[in-house]
Structure formats: C-alpha cells, structure tokens
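**Q** Next up is a structure, given as structure tokens.
Read-outs throughout are calculated quantities, based only on the coordinates presented, and are distinct from any laboratory measurement. Keep in mind the model is a prediction, meaning the values are calculated, not measured. Positions of Cβ are generated from backbone atoms using ideal geometry, with glycine treated the same way; all protein chains shown enter the neighbour counts.
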Amino acid sequence: MKFPLSPIFLLASIVVGSSCGQLSPSTSSLEYAHSPGNRILGTPIGHLEILRSGMSNNFGDRLKICVESEKTTISNASLLMETKLAYVMWLKSAGYSAVDFSKFEFFLSSKCNRQDLSIMTSIVIADSSNAQVGEEYNTLFSPAAISCQALAGSFRCSSDGGITLGWGAAASLSHSYFVSNPEKWSNISRNAQGFAILSQYVDWTSLPAGIDGNPQLQGAVGESLKAKYSHLLTLENQNFEALAAYASELEAAQAVSGEDTQFQSLFQQSAQAGSSISSVTYRPKYAAFHVLLHEIGHTFGMMHADNPKGDSVTGASATTTLDPITRQYSTPISTMAYADQYVYLTADDSLGISSVAKTSRSEVALHK
Ligand SMILES: [Zn+2]
C-alpha cells in the first residue's frame, strides 16, 4: 500500500541557508563539516545517488542548473563556465566522473524562476533590478562600509561588521513511503530549489582578475592559468575532462584569488592623507570564483569548516593541527573556511565531500 505524497520531513536548508560573512579563524575550531544524512539527498550528489538507485522521483533524470545572466561586471560566458568548473571540482573530488557530470544541464536565463521545481539549483548574483528574484535575495545582503583610524603610530582600516558575500543551500526534497515499512520510500519529490547567491553590493569579476590581483601568481604560472582559462572559454564543449584538467592546474599552483582592490585603495588613500574615516560605504571588487566555489559547496551540503554546527557531520581534516595552548584543532586550508580565497579544493575539502558521498550512498541504501 502507498501513501499519497507525505512529506514527513522538510529540509531545514530551504529556510536556514548558510550565510557567509567573515569569521575570525583564530576564535574557532576548524574541521570539515557537512549536513547530516537526513538532509543530504537534496545535494547534487544526493540527486545522483537517487538516479543511480533507480528510486522513483518527480524530477526526472536531468539535473538542471540555472545560471542567471546579464550581470554588469562578469560576462555570461565566464559566469557559466566558472559555475561548471565549481561543479566539476566538487564532483571530481568526491569520486564522480564524466558520466555523472553528463546528467547536469547548465543553462543561462535572464531570470531564474525559483518556483520552477524542475530546476535543481539556481546560481544568482543578486540584482536590485530583478524584481522577482531580487526582492527575495536583496534582503540577504548589505552594502560594505570601511572605517580607518590612526592608532599608536600605525594606520588601520576595517570593514564595519564584516561583509556577507554570498549565501548557499541544497535543494529540499520530500518523500512518500510504504506504510508497511516507513523506512522504504515509494517516491521522492523536490519541494524547493537549491541556490547559490552572491551579493549585489560587490563588483564581481572573472577568475583571471583574481589571478592578476594575487602578487604570488605573477609570472609564468599566472600567465599560463590565464591563457588556459581563455582557451576554455572558447571551447564549444566545456566537458568534464577539460574542466577537470583546469581544476588540476589551479590545484597544482595552489591558486588563491587576490584581495579586494577597492578596500586596498581606500586604505592607501586614507593612510596617505593621514585622516580617519568612519563608515564610508564602498563597493568591494572581487573575482567571483572563490565565493562561487564556497557557495556551491553549500549546495553540496558542505558547511563551514571553521564553525561546525551541532547538527552537522564533522571530521578532523587532513591538515588539522592541535594548538597546544587552546587545545583546539584548526586548519585554515579549506575552501569552506575563511582564511584564504582558495580557487581549488584542498585535501580538507576532499575529505569533507567524500564523506558527503559516503553519507548519501548510505542514506539511499537505507530508503531504497
Ligand atoms: Zn559559507
């Protein structure tokens, strides 16, 4: 006997999401962290495992990713390719292949309709001119402001209250089950899209600008990364192998994106004038990819490595060390932490996403 669709759980991710401000690594313990089993199947890997198992579902066999187009500071081609690149990084790191990637369908749209449940995830740079999406998303973010002051012979600037750059969450699923055995699910449906949203108060640029902004990536390595990026953009078929090869290049270079150039120039102006400034609003300028990679990480169920929540699965990371004084385990070497602007996935990220895959497989086996 079958029940009609009976959602007995709703994923917290649809309302909770994960805000991404700036945390201080020095005050938190760093481990990998991800959503627990009962919330993991809304992730892309959860969806893949559902498809692989043949479980009955209402979303079909294509995993659609809407990428909202027509932004002012990053081209459609770059935003689309960088989105694909982030997906390939997380999937490859979790042990998935070109066959799995072929189930994904990335497409540009001037407006990603959040109510269209045939779409698994929307990737959006919030935009106040976008009424439908903007109204909802604009409230997530605030303009950045900087304050600077001279202190004991030095000059310091800081962002007021930190800056929230993005927000991300997995899709939400519900299921119906057999009354004779509620652990066995008869059908799965999607009841909310996943999303990765970037702030409308930042001028987002493409990855090569982030490479240019990092002094350590000047010279042959940076030039090669930029040339290969340009080449990828020209490819008609940006397939798994080509994107994975580029991901390997970024990893080999241990590439980190440059800092906000607007903050730096305001700092320099204020320091040269020797004048304090208070809460001056400005628009940060960042290459988007490290934030995209992090927010898309949230859509994969990854949580903040430097701030594991009580309801997450956590584990010690590969490069975790124990601070002998505070007795806290910590590592700054993670995309899901805030220490550095990684544009590749670290060993810690790999351990975390591998755990997501393992947890997803267990969850599917439990309910198949
Ligand atoms: Zn985050």
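**Q** Once amide H atoms are built 1.01 Å from N in the peptide plane, which residues 5 or more positions from Met303, or in another chain, come under 5 Å H to H?
**A** Distant-sequence amide H within range of Met303: Ala33, His34, Ser35.
**Q** Scan around Thr73 for amide H atoms under 5 Å from its own, H built in the peptide plane at 1.01 Å from N, and keep only partners 5 or more places away or cross-chain.
**A** Trp204
**Q** Please list, or write none, the lysines whose alpha carbon is within less than 29 Å of the alpha carbon of Lys71, excluding same-chain residues fewer than 8 places away.
**A** In chain and number order, the partners are Lys84, Lys92, Lys103, Lys111, Lys226, Lys228, Lys285.
**Q** Follow-up question, since we're still on this one. In which sequence would Lys184, Lys111, Lys84 go, from the one with the fewest C-beta neighbours within 10 Å to the one with the most? Intermediate values should be presented prior to the final figure.
**A** Values: Lys184 13, Lys111 17, Lys84 21.
Fewest-to-most Cβ neighbours within 10 Å comes out as Lys184, Lys111, Lys84.
**Q** Based on the mean of other Cβ atoms within 10 Å per residue, sort peptides 87-93, 295-301, 280-286 so the most packed one is first. Could you put the intermediate results ahead of the total?
**A** Values: 87-93: 24.9, 295-301: 28.4, 280-286: 17.6.
Result, highest mean first: 295-301, 87-93, 280-286.
**Q** Out of residues 5 or more away from Ile125 or on other chains, whose amide H comes under 5 Å of its own, with H placed 1.01 Å from N in the peptide plane?
**A** Counting only residues 5 or more places away or on other chains, the set is Glu68, Leu198.
**Q** Still on this structure: If I model a spin label at Lys358 and Asp340 as a point 7 Å from the Cα along the Cα→Cβ vector, what separation in nanometres do I get?
**A** 2.6 nm
**Q** Taking θ as phi - 60°, what are the ³J(HN,Hα) couplings along the range 214-229 by the Karplus curve (6.51, -1.76, 1.60), each to the nearest whole Hz, with x for Gly and Pro?
**A** Once θ is set to phi - 60°, the couplings for the range 214-229 become 10, x, 6, 9, 7, x, 4, 5, x, 4, 5, 4, 6, 5, 5, 4 Hz.
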